[in-house]
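Input: a single structure, listed below in structure tokens.
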Ligand code: B12
Ligand code: SF4
């Protein structure tokens, strides 16, 4: 038996770690998670020491990379263990393997490589030839081929929820975060998704069988009594047949209020009605920027008219809308943002979630150059096998009304070509943090309503009155 310590610095359950933990435990290994909340870091390091890990696993998104690299270096000096990095940052910036805190990076789904590594360490065998891993060796970095096809999600054990139970914040949470699949069929330029589709190859965009997902949900509801389910998939929709089947089962056997990420272009009345009947309380639908930038620079093929139409449909069925806005895109001005206010008033979203565009600077190491002051947005990345387009949308033109058909689940990405390893993958605004707690009071600050615990600012005008809305949403009466 090997001991694996997952280490992280934010207080959120990582579904990836829960999935790997389930696979590791099934193979007989011992797994624990340790969270450095930044308040008592000494305690974090001493708890990891007490656990005496053989492997310290870091699941790293770009903002956490500096913490993870420093923590791994210290953990490696304090413990005789191997430090492995995985998740999006390790995939798009595998060069981090050059850092003294990193022994190996996982270039894809971690279940199989990590189980294999734990088994080898347990038996005292070398692990530098495991598919899916880049491994630091005495002679340099061994870059093994990918682990193989993407995983069939229904073949995996249920996520190991117990992993995070040692923290009461998760044990007692009234939210249940749940993942129905992996990947998204769209190709927005500012998101890592198109890159990942090319990186993983065909089949990357997947959903679990509705029956299997609902059976797991049923068990979790009975065990944990959540009040709301938060589907954290990038988009709930991948095809209508799947969605309708899932929603019908969910309505019949679960029926709890739920929230999900969606996309305006996919909104159709039939599905909205079904979602409302199944318990949908709010959907997150990104606006991001004005129509010109959205369709052009961001490659999000959704028009203003589609957004307003979706807003009206959600209101009709009493589903709340949380929308995203990006500040700080190239060419953005304060005047430009102010000119958008009438549009947002018309949209009347329950909540506007603002983020600042933060380009990821991997091009420095990947291309060996940093085009000062320029962002190179990722355009369509060719599918690894060179096959034709199958997902809806490359950048440039709006989708026509709703999605044309149900065949948008493949991994093709359209005609424009670029080398995936050369493409920049900027950080995207987040679609998926736990949704705000509708019971947290809204307070008026300097003409802007600010809701905690997050730092997002709504466009609500000073003095605007708020009234409760179905589902607990405070709702603005426009001044
Ligand atoms: C849920 C979610 C969150 C959650 C949980 C994040 C987490 N680490 O799990 C929260 C709310 C915390 C979050 C926050 C943010 N997120 Co987020 N999030 C997601 C989302 C929608 C799903 C993640 C998920 O559960 N996937 C399913 C699981 C099963 O897969 P996985 O996590 O990738 O794990 C697998 C492999 O990567 C690998 N693996 C992962 N970790 C490890 C570790 C080891 C040791 C090994 C061997 C393998 C391995 O094996 C796992 C199992 O197969 C993704 C979209 C996506 N495609 O991943 C965005 C995504 C990861 N987020 C993104 C962003 C931008 C953010 C934020 C920066 C947003 C913001 N502005 O604040 C913050 C960053 C917070 C931080 N400091 O890290 C980007 C990442 C960009 C980047 N360069 O890192 C993504 C990819 C969205 C996108 N399409 O661009 N996010
Ligand atoms: S921004 Fe959203 S819709 Fe666009 S590719 Fe990323 S996850 Fe999909």
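None of the figures in this text is laboratory data; all of them are computed from the coordinates on show. Quick caveat: nothing in here was measured; it's all calculated off a predicted structure. All Cβ positions, glycine included, derive from the backbone under ideal geometry; neighbour counts span all protein chains shown.
Placing R0 at 45 angstrom, the Cβ-Cβ distance between residue 222 and residue 125 gives a FRET efficiency of 0.60 after rounding to 0.05. Taking a point 7 angstrom from the Cα of residue 317 along the C-beta vector, which residues in the range 217-233 have backbone N less than 16 Å away? Flagged as within label range: 231. On full extension, the segment bounded by residue 158 and residue 334 gains 58.6 nm, given 0.36 nm per residue less the C-alpha separation. Between residue 1 and residue 277, the FRET efficiency estimated from the beta carbon spacing at R0 = 60 angstrom works out to 0.80. A simple spin-label model places pseudo-atoms 7 Å from Cα toward Cβ; at residue 27 and residue 244 they are separated by 4.1 nm. Peptides 162-172, 51-61, ordered by how many other C-beta atoms sit within 10 Å of their residues on average, highest first, read 51-61, 162-172.
Note on residue 358 and residue 165: the model spin-label points, each 7 Å out from Cα along the C-beta direction, lie 3.4 nm apart.
The length gained on full extension between residue 10 and residue 172, counted as 0.36 nm times the residue separation minus their Cα-Cα distance, comes to 56.6 nm.
Among 41-50, 104-113, 210-219, 13-22, sorting by the average number of other beta carbon atoms lying within 10 angstrom of each residue, highest first, gives 104-113, 13-22, 210-219, 41-50.
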